[in-house]
Amino acid sequence: MKNRLLLFLALFFFGLGYSQSNMDAVLAEIAKNNKTIQANTQYWSAQKVQYQTGNSLYNPTVEYDYLKGSPANAGNQTDIVVTQSFDFPTVYGKKKQLAKQQILQADLYLQAANQELLLEAKMICIELVYRNKLQIPLAKRKEATEKWLGHFKKKLETGDGTILDVNKAEIQLLEIKKQFLENASFIVKLNEQLTGLNGGTGIAFNDVAYFDVPVVAAFETLEKEIEAQDYIRKTLEQEKVIAQKQIEVNKALALPKMEVGYHYQGLLGQTYNGIHTGISLPLWESKNRVKLEKAKMSFAETALAGHTNEHYYEIKQLYGRYESLKSILRDYEKINQSVEPIKLLDKALSAGQISVLEYFVELNYYNSTSNSYLEIEKEYYEVVATLLKYQL
C-alpha cells in the first residue's frame with residue numbers, strides 16, 4: 001500500500017497533465033470495456049432469440065402399426081399415419097406480436113442497466129475530481145506547515161522561540177499529513193474502482209475540473225424530459241403492453257387445435273389410403289391462463305402508477321437540492337474572490353501580531369471552510385449528474 005501511495009504521489013505532482021482524461025472519454029471507455037455491459041448485451045441477445053422461438057409448427061408425427069391376424073387365415077393389418085398438428089391460425093400472428101414487444105422490452109432492460117452502471121462510473125469520477133482538488137490545498141498546507149515548523153525550531157535553537165510553538169506546529173503537521181495520505185489512499189482506491197469498471201484495463205482520472213453543466217431547465221420542463229426518457233418507466237409501460245399481448249395469445253390458444261395428414265391401411269390384400277383430419281378441444285389446458293395474464297396486467301398498471309408517483313417526488317427533491325446547492329456555491333465563490341486569508345495570517349504571524357496558537361486556530365477555521373466548499377461543490381455535481389442521468 002505504501003508503494004502504491006508513493007507511486008500515486010509521483011504521478012499526481014509530476015505527471016498530472018500526462019494521463020489526464022475527461023469524464024466523457026472515461027465513460028466511453030467503460031461503456032466499451034465493461035464486462036457487466038458485455039455480459040448483459042449477450043444475455044439480452046440470447047433472450048431475444050428465445051422470444052422468437054416457439055412460434056413454429058409442431059413436429060410432424062409418423063405412426064406405423066403392423067398387426068398379425070389370428071387365426072392365420074385372418075391376415076395381417078398394416079397402418080401408416082402421418083399427421084401435422086397446428087394451433088388455430090390466429091395464434092401465430094398473436095405470438096409474433098408478443099415476441100416483438102418482448103424484444104423491445106429486452107432493449108429497454110439493457111439500456112436501463114447500462115445507464116445505471118455509467119452513472120456509477122460518473123459518480124466515481126466526480127468523487128475523484130473532488131479528491132484530486134482536495135489534494136492540492138492539502139499539499140500546500142503540508143508544505144507551509146513544514147516551513148513553519150522548521151522556522152520555529154530555528155527560533156528555539158537561537159533562544160527566540162518556545163517548545164510550545166514547536167509542539168503546536170508538529171501537531172498541526174501530523175494532522176495535515178494524516179489527511180494528505182488518507183486522501184491519496186482514496187484516490188488510489190477510486191482509480192482502482194474505475195479500472196474494475198473498465199474491464200480490468202488500467203485507467204487513470206487525474207482531472208481537477210468537473211464536467212460542464214448545461215442550462216438546467218425549469219422543474220416542470222425537466223421533469224417531463226426525465227420521465228420521457230426514464231427506462232424504468234418505459235419497461236413498466238412495456239409490461240402492460242406485453243400483458244395485453246399475452247392475454248390475446250391465451251385467448252387464441254383457447255381456440256381448437258387442428259391436425260391434418262395421410263392415413264394408409266392394408267388389410268387382407270386390400271389397401272385403403274386418404275386424408276386424416278382431427279381437432280383438439282382445449283377444454284382444460286387453458287383454464288385460468290387469461291385470468292392470470294389479466295392479474296399480471298393489473299400488477300403492471302399499479303407498479304407503473306407507483307413508480308411515476310415516487311419518481312416525481314424524487315426528481316422534485318433533487319431539483320430543490322440542486323437549487324439550494326447552486327445558491328450556496330455562489331455565496332462561497334464570492335468569499336473566495338476576496339484576499340486570501342492565509343497570506344494575511346502569515347504576515348500577521350511574521351510581524352508578531354498574533355500568537356502561534358491564534359495562527360493555527362484561524363488557519364484551521366479557513367481550511368475547514370475551504371474543505372466545506374469542495375464538499376458542497378462535489379455534492380452539487382452529484383445532484384446534477386443524477387438529474388441528468390437520462391442523458392447517459
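Numbers at a glance
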{"item": "Every residue from region 131-181 that is among the basic types (Lys, Arg) and loosely packed, with under 13 Cβ neighbours inside 10 Å", "result": "140, 147, 154, 178"}
{"item": "Subset of region 262-291 [without any contact (Cβ under 8 Å) to a residue 40 or more places away in the chain and either in a strand (DSSP E or B) or among the hydrophobic types (A, V, I, L, M, F, W, C) (or both)]", "result": "270, 271, 272, 273, 274, 275, 277, 279, 281, 283, 284"}
{"item": "Test: residue in region 254-261 that is touching a strand residue (DSSP E or B) at 6+ places or on another chain (Cβ under 6 Å), farther than 30 Å from residue 102 by Cβ, at pLDDT 85 or above and assigned to a strand (DSSP E or B)", "result": "yes"}
{"item": "Selection from region 129-157 of residues that are hydrophobic (A, V, I, L, M, F, W, C), out of contact with any helix residue (DSSP H, G or I) (no Cβ under 7 Å at 6 or more places or on another chain) and at pLDDT below 90", "result": "144"}
{"item": "Residue check, residue 242 modelled with pLDDT of 90 or more, at negative phi and either open to solvent by less than 30 Å² (accessible area, probe 1.4 Å) or of a type outside the set (S, T, N, Q) (or both)", "result": "yes"}
{"item": "Pair list, Cβ under 6 Å, 6 or more apart: region 338-361 residue assigned to a helix (DSSP H, G or I), other residue surrounded by 15 or more Cβ atoms within 10 Å (Cβ to Cβ) and basic (Lys, Arg)", "result": "356/168; 360/168"}
{"item": "Lone qualifier among 301, 379 - being under 30 Å from residue 131 (Cβ atoms) and either modelled with pLDDT under 90 or not polar (S, T, N, Q) (or both)", "result": "379"}
{"item": "Subset of region 31-64 that is outside any helix (DSSP H, G or I) and open to solvent by less than 70 Å² (accessible area, probe 1.4 Å) - its residue that is nearest to residue 87 (Cα to Cα)", "result": "55"}
{"item": "Hits in region 71-96 (condition: loosely packed, with under 15 Cβ neighbours inside 10 Å and touching a helix residue (DSSP H, G or I) at 6+ places or on another chain (Cβ under 7 Å))", "result": "90"}
{"item": "Any chance residue 321 is assigned to a helix (DSSP H, G or I), open to solvent by 30 Å² or more (accessible area, probe 1.4 Å) and within 16 Å of residue 123 (Cβ to Cβ)", "result": "yes"}
{"item": "Residue under evaluation residue 221, criteria (1) over 30 Å from residue 37 (Cα atoms); (2) in contact with a Leu (Cβ under 6 Å, 6 or more places away or on another chain); (3) among the hydroxyl-bearing types (Ser, Thr, Tyr), criterion not met", "result": "(2)"}
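This table checks each residue for (1) closer than 30 Å to residue 389 by Cα; (2) touching a Lys or Arg at 6+ places or on another chain (Cβ under 9 Å); (3) polar (S, T, N, Q).
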| residue | (1), (2), (3) |
| --- | --- |
| 139 | no, no, no |
| 151 | no, no, no |
| 169 | no, yes, no |
| 176 | no, yes, no |
| 203 | yes, no, no |
| 208 | yes, yes, no |
| 225 | yes, no, no |
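The values are calculated or read from the model by the stated rules, or taken from the named source; none is laboratory data. Since this is a predicted model, take the numbers as computed values, not measurements. Cβ atoms come from the backbone with ideal geometry, glycine included; neighbour counts cover every protein chain shown. The protein model used for the area step is the full one, side chains on, heavy atoms only, and it has no ligands, DNA or RNA in it. Shrake-Rupley method; radii C 1.70, N 1.55, O 1.52, S 1.80 Å.
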